[in-house]
1. Can you tell me which residues in segment 123-137 are surrounded by 14 or more Cβ atoms within 10 Å (Cβ to Cβ) and charged (D, E, K, R)?
2. So the check is Cβ under 7 Å with 6+ separation or different chains; which pairs have a first residue in segment 60-73 that's more than 16 Å from residue 161 (Cα to Cα) and a second one that's at pLDDT 90 or above and among the basic types (Lys, Arg)?
3. Hey, any hits in segment 46-56 for a residue that's surrounded by 15 or more Cβ atoms within 10 Å (Cβ to Cβ), assigned to a loop (DSSP other than H, G, I, E, B) and either of a type outside the set (A, V, I, L, M) or within 18 Å of the chain's Cα centre (by Cα) (or both)?
4. Looking for something closer than 24 Å to residue 157 by Cα and part of a loop (DSSP other than H, G, I, E, B) - is there at least one such residue anywhere in segment 96-112?
5. When you go through 17, 24, 70 one by one, which is the residue that is among the aliphatic types (A, V, I, L, M), modelled with pLDDT under 95 and in contact with a Gly (Cβ under 9 Å, 6 or more places away or on another chain)?
6. Inside segment 1-45, can you point out the residues that are of a type outside the set (Lys, Arg), part of a loop (DSSP other than H, G, I, E, B) and in contact with a helix residue (DSSP H, G or I) (Cβ under 9 Å, 6 or more places away or on another chain)?
7. Which ones in segment 84-115 are buried (at least 19 other Cβ atoms within 10 Å of the Cβ), closer than 14 Å to residue 137 by Cα and in contact with a helix residue (DSSP H, G or I) (Cβ under 8 Å, 6 or more places away or on another chain)?
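The values are calculated or read from the model by the stated rules, or taken from the named source; none is laboratory data. Everything quoted here is computed from the prediction, not taken from an experiment. All Cβ positions, glycine included, derive from the backbone under ideal geometry; neighbour counts span all protein chains shown.
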Amino acid sequence: MKIFAFFLVIILTPLFLLITLPVLFSRGKGILFIQNRVGINKKEFCIYKFRTMHEGKITGIGRVLRKIGLDELPQLINIIKGDMAFVGPRPLNQEDIDRLNWVGEEFAARWSVKPGITGQAQLVRICDANLSMQQDLDYVKNKSFGRDMKVFFRSMLVPFVGKFSQ
C-alpha cells in the first residue's frame, strides 16, 4: 500500500499544486493542518490535511475540499510513513477518546489496526459517536481485503452520490 500511495502522490502532484494556491491565499499561512492523532496500538502520530479553516470558520475553498474529500489528500504521506492505511477506523485525537470515554477493554480492538483515510463508518449517515464506534468494531472484526476494496471504492462515490444508508 505504501508503494501505491507513493505512486498516487506522484500522479496527483498537479492536483496538490492546484489545491495549494487557493488554500494558501484563503488562510495566509501554512497549507497543511497538522494534529496529533492516536493510531495503531494507541501510538500517537501527526496527521496531515489541507488547511480548511481560518479563525474557527471554514473557508470557501475549505468547504469545497471537505465536500469532495480532497482535504484528506495529504494523508497519503501518512500512509507512506506507515502511520495510516487507505481503509480503517478514522484516527481520533486523545481528547476525543477521553471525552467519549472510549478507554475500556471493549474498545481495544479499534486500535489494533491502522487508522484509515476512509472507513466503514464514514460511508453511512451516522450522527452518533457510539454507532460510529460500532461500525469501527464491526470493520475490525470482519476485516478482509475484499471488504477494504468495497469500502475504498464506495468512498470514491460518496462525493458524487452522498453517504449510503446503513
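1. 136 - this is the single residue of segment 123-137 that is surrounded by 14 or more Cβ atoms within 10 Å (Cβ to Cβ) and charged (D, E, K, R).
2. From residues that are more than 16 Å from residue 161 (Cα to Cα), the pairs are 71/49; 72/49.
3. Within segment 46-56, one or more residues are surrounded by 15 or more Cβ atoms within 10 Å (Cβ to Cβ), assigned to a loop (DSSP other than H, G, I, E, B) and either of a type outside the set (A, V, I, L, M) or within 18 Å of the chain's Cα centre (by Cα) (or both).
4. no
5. When all the criteria are applied, what remains is 24.
6. Listed by number, the residues that qualify are 1, 12, 30, 31, 39.
7. Listed by number, the residues that qualify are 87, 88, 89, 102, 110, 111, 113, 114, 115.
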